[in-house]
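Trainee: Here it is, the structure, as structure tokens.
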């Protein structure tokens, strides 16, 4: 998608665009100067709605954007960037957030990989405590808020060591008895997305979707290797390598907690992020069903089957995924 705003352009007689710092399927993120508050930098997240939608649905999507943006603007937590403004400009909507300087955790992990080492367990746990605080704050809102796109590149660490959970692009307000529209339609990043988030309208997802993504993020950070996608694990449970097989310095306690969070079925995961944090810190035991590399569904290793049977089981697996998604709603 081409950049829609030019460097130096000013929106609302206030926000001067410095440069594009991110891009997605539905818009871009820009670094901007706030001309009313000298020296303040902010991030503008652009939302361009699907113009092929019928007019009534496009209007509903934009109304939903403003409802959800107003909720985000009321949030106040040290590990979340503050949403300070939201507005429309032509066909596009914008969220204005604090600009968070510093590296993201993906960059930190890649630095460790290039140096042929691993991020220290204690450092990752310090980050995990902050991330869990932010997620617990979101999940405790009334109605709860789920982020739906937790991943290393959406976690920035400031020069002072503070973690910020950024990019509210897929945030969902869990209004009771209401099918909601996310601010930006999407399913999250495949490597960190649970099975139930592939259900189309996402009316069946809850806070346990964030717990899965959090666990998958921790897996990546402690191993330097991306986790196997949930859809592949459904067809071959052995496709997820146990973290300690990659990083022998990792404690068994942390490995089990991560695998618990990454259980394929939501009912097999921690009930909330605090329970996961307690397991990571050794203040709570993981359930007996969590064993190294084999949490959640226990599916035969389809990859070892003859090609003809593999094709048949793949079709069956896709059918079962659809069936499970329906049941989870």
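Trainee: Using a 10 Å cut-off on Cβ atoms, rank the peptides 226-233, 4-11 from the highest mean neighbour count down.
Mentor: 226-233, 4-11
Trainee: Same structure, new question: How do the peptides 51-57, 30-36, 150-156 rank, highest first, by the average count of neighbouring beta carbon atoms within 10 Å per residue?
Mentor: Put in order of decreasing packing, that is 150-156, 30-36, 51-57.
Trainee: Here's a follow-up. Distance between the C-alpha centers of segment 92-115 and segment 250-265? Whole Å please.
Mentor: For segment 92-115 versus segment 250-265, the Cα centre distance is 25 Å.
Trainee: So how much slack lies between residue 74 and residue 117, counting 0.36 nm per residue of separation and subtracting their Cα-Cα distance, in nm?
Mentor: Full extension of this stretch gives 11.4 nm more.
Laboratory data are not the source of any read-out in this text; all were calculated from the coordinates shown. Keep in mind it's a predicted model, so treat the numbers as computed, not measured. Glycine also receives a Cβ, built like all others from the backbone with ideal geometry; neighbour counts cover every protein chain displayed.
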